[in-house]
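Peer 1: This is the structure, below, for whatever I ask next.
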Amino acid sequence: MQELPLFSRARRHGEKIAIRSSTKKFSYKELLTNSENLAYQLLGDKVDLSEARIAFLAPAGFDYATIQWGIWRAGGVVVPLCLSAAEPELEYALSDSETSMVVATKNQSAKVASLCQKLDIPLLVLKEPDAVSGKPLPILNPSRRAMILYTSGTTSKPKGVVLSHANIQAQIESLVEAWEWQTNDRIPLFLPLHHIHGIINVLSCALWMGATIEPFSKFDSSTILTRVKEDAYTVFMAVPTIYVKLIEALEALVKEERKAVVQGFRNMRLMVSGSAALPASVHKTWTQLTGQKLLERYGMTEIGMALSNPFHGERRPGAVGIPLPKVEVRLMAESGDLVTDENEPGEIQVRGPCVFNQYWKRHKITTESFQDNWFRTGDMAVIENGYYRIMGRLSVDIIKSGGYKLSALEIEAVLLQHPMIKECAVIGHLDDTWGEVVAAAVVLEEGASLHLDSLRDDCRDKLSNYKLPKKLRIVESLPRNAMGKVTKPAIKNLF
Ligand code: MCA
Ligand code: AMP
């Protein structure tokens, strides 16, 4: 067995710049040295962390990559934490994953210090590297567990998706091949790094290829437009909400300035959209404005990317293309029969080396999520003229907002803890910018009153910003069916 290819390839990239911020540049060599140092620090007297879960909190940048690689090189499983998570969400991730240590950058450490104390988990604050120890690091079998990502779904608490090193490698290789990643690519990274989109599609693919990443602590359209105007990037990956925000920002520019920025977009060799449906209107407006045809693709935390419009060939608005290399896709009709004809809807099921094989500590849910070794995505699609088109999700309780997957049940569970709220139902309400926004219908306790702003403030310490309700309806009673179950389509009609 040999070192994982991600690291042996980095050795070949050597002095090339892996990560550049506005003030600093870091080479592949520095990333290898610093992550090796961290690995020794994490190992102490041990020879292998043997899949111990190490959670970490770091903004996009060299430190993030150092920590991720350091944990991997020591044989640990990374649990990247959400920077904007509320404390109960962090506590849940640490407890559920049975994290044995948290690593944080100096600026992020205050966010987790008291929680680590409460849970009796050691906190390691990243510092300047010591000299390398020289003892060999563990050689990892690719089938070993590498990463746990928390994903919301049809359960009230998020589930930990376990990905192996082999899964990660297959996901990277599939995208590198399909989108023809190049060693001289330059890409901005402003997506959150506790999800696949930022972690695999941007960070890991770029580092695999020896490309250069420009990290940002958060997305800001004017900063990005300035860098685009300077021709800083060759590849760009974002969620639909970001393209909507960029269209607004571009349209607000004066003509000459817009022309210069548009030229920067025009010069890129690839612009990708995913994580949520890209409205055909946004696709077309983007092409009219910049001349770029966005490449839309479809993926999921459990499987990486599965379907993509082609790099060469027709990029069809409203469609997600065909299966990526190494990925098998089939559609299963509600009747239980395999869909064999075009224009017939079915659930997307996926098989291949990119697909995870377990939800952390949730054996029953894992088993139920597969049908004959095919992962059941819960998304419906049809094939039209050779391309898949996503029709929606099987569950109304899954909301996609700004590219984040949210569980209506998780939000309802928090709202029900509110002293003014007797009953509630949460749905995703269609929105031009966010895809969907969180909307809550509530029945109040006798004599109580509630406003959206105060509800958001009251829930802020329990939910991340993007999960807070954006719409509120106060109702006398929730619409229910004959079985007493809340009818969510009727809730949707309330907004
Ligand atoms: C923030 N705001 C919202 C939402 N989020 N309003 C409605 N719905 C939301 N979801 C509001 C805030 O309340 C605030 O309003 C204002 O927008 C700015 O908030 P901020 O948090 O600063 O937002 P932002 O930084 O502008 O965030 C927008 C964003 C972000 C950049 C689009 O949501 C984002 O990074 N999304 C990407 C998520 C992602 O990477 N998903 C991939 C998952 P006010 O000022 O009034 O308070 S992986 C996946 O899905 C699979 C594998 C796949 O296929 O990729
Ligand atoms: P996540 O669990 O955060 O990985 O989100 C995965 C979900 O995002 C999928 O199950 C889809 O519902 C949705 N999704 C991702 N890409 C697309 C797309 N291009 N069009 C529509 N939905 C998408």
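The values are calculated or read from the model by the stated rules, or taken from the named source; none is laboratory data. Keep in mind the model is a prediction, meaning the values are calculated, not measured. Don't worry about glycine lacking a Cβ; one is built from the backbone with ideal geometry, like all the others, and counts go over all protein chains shown. Accessible surface areas use protein heavy atoms only, side chains included; no ligands, DNA or RNA. Shrake-Rupley method; radii C 1.70, N 1.55, O 1.52, S 1.80 Å.
Peer 1: Looking for something more than 14 Å from ligand 2 (Cβ to nearest atom) and at pLDDT below 95 - is there at least one such residue anywhere in the stretch 212-233? Break it down stepwise before answering.
Peer 2: Our first condition is that a residue be more than 14 Å from ligand 2 (Cβ to nearest atom); within the stretch 212-233, this holds for 212-233.
Filter again for at pLDDT below 95, leaving 217-218.
So far as the stretch 212-233 goes, yes, one or more of its residues are more than 14 Å from ligand 2 (Cβ to nearest atom) and at pLDDT below 95.
Peer 1: Okay, moving on. Of I196, I200, I247, which residue is surrounded by fewer than 21 Cβ atoms within 10 Å (Cβ to Cβ) and either over 26 Å from G435 (Cα atoms) or touching a residue at least 12 places away in the same chain (Cβ under 8 Å) (or both)?
Peer 2: Details: I196 fails: surrounded by fewer than 21 Cβ atoms within 10 Å (Cβ to Cβ); I200 fails: surrounded by fewer than 21 Cβ atoms within 10 Å (Cβ to Cβ).
Residue meeting the stated conditions: I247.
Peer 1: Which ones in the stretch 178-193 are open to solvent by 30 Å² or more (accessible area, probe 1.4 Å) and more than 16 Å from ligand 2 (Cβ to nearest atom)?
Peer 2: Looking only at the stretch 178-193, we keep the residues that are open to solvent by 30 Å² or more (accessible area, probe 1.4 Å), and these are 180, 182-184, 186, 192.
Listed by number, the residues that qualify are E180, Q182, T183, N184, R186.
Peer 1: Kindly provide the set of residues from the stretch 385-415 that are under 15 Å from V438 (Cβ atoms) and assigned to a loop (DSSP other than H, G, I, E, B), ordered by number. Show your work before the answer.
Peer 2: Pass one, the stretch 385-415, residues under 15 Å from V438 (Cβ atoms): 396-415.
Hits for the stretch 385-415 are V396, D397, G402, G403.
Peer 1: Consider V442 carefully, then state whether it is farther than 16 Å from I399 by Cβ, open to solvent by less than 30 Å² (accessible area, probe 1.4 Å) and in a strand (DSSP E or B). Working first, answer last.
Peer 2: Numbers: farther than 16 Å from I399 by Cβ: yes; open to solvent by less than 30 Å² (accessible area, probe 1.4 Å): yes; in a strand (DSSP E or B): yes.
So V442 fits the description; yes.
Peer 1: Specify which of the listed residues (T226, T234) is in contact with a strand residue (DSSP E or B) (Cβ under 6 Å, 6 or more places away or on another chain), under 28 Å from G210 (Cβ atoms) and open to solvent by 10 Å² or more (accessible area, probe 1.4 Å). Give the derivation first.
Peer 2: Values: T226 fails: in contact with a strand residue (DSSP E or B) (Cβ under 6 Å, 6 or more places away or on another chain).
Criteria check complete, one pass: T234.
Peer 1: Condition first: part of a helix (DSSP H, G or I) and hydroxyl-bearing (S, T, Y). Now tell me which residues in the stretch 202-246 satisfy that. Step through it out loud before you land on a result.
Peer 2: First pass over the stretch 202-246, keeping only residues part of a helix (DSSP H, G or I): 202-209, 221-229, 240-246.
Once the filter is applied, which keeps residues that are part of a helix (DSSP H, G or I) and hydroxyl-bearing (S, T, Y), the stretch 202-246 yields S204, S221, S222, T223, T226, T241, Y243.
Peer 1: Please work out which residue is most open to solvent (accessible area, probe 1.4 Å), limiting yourself to the stretch 310-348 and to residues that are among the aliphatic types (A, V, I, L, M) and not in a loop (DSSP other than H, G, I, E, B).
Peer 2: Restricting attention to the stretch 310-348, the residues satisfying the condition of being among the aliphatic types (A, V, I, L, M) are 319-320, 322, 324, 327, 329, 331-333, 338-339, 348.
Subsequent filtering for residues that are not in a loop (DSSP other than H, G, I, E, B) retains 322, 329, 331-332, 338, 348.
Numbers: I322: 75, V329: 23, L331: 6, M332: 20, L338: 91, I348: 0 Å².
Among residues in the stretch 310-348 that are among the aliphatic types (A, V, I, L, M) and not in a loop (DSSP other than H, G, I, E, B), the one most open to solvent (accessible area, probe 1.4 Å) is L338.
Peer 1: Moving on. On the given criteria, is K422 more than 16 Å from ligand 2 (Cβ to nearest atom), open to solvent by 30 Å² or more (accessible area, probe 1.4 Å) and touching a helix residue (DSSP H, G or I) at 6+ places or on another chain (Cβ under 9 Å)? Spell out the reasoning first.
Peer 2: Working: more than 16 Å from ligand 2 (Cβ to nearest atom): yes; open to solvent by 30 Å² or more (accessible area, probe 1.4 Å): yes; touching a helix residue (DSSP H, G or I) at 6+ places or on another chain (Cβ under 9 Å): no.
No: the conditions fail for K422.
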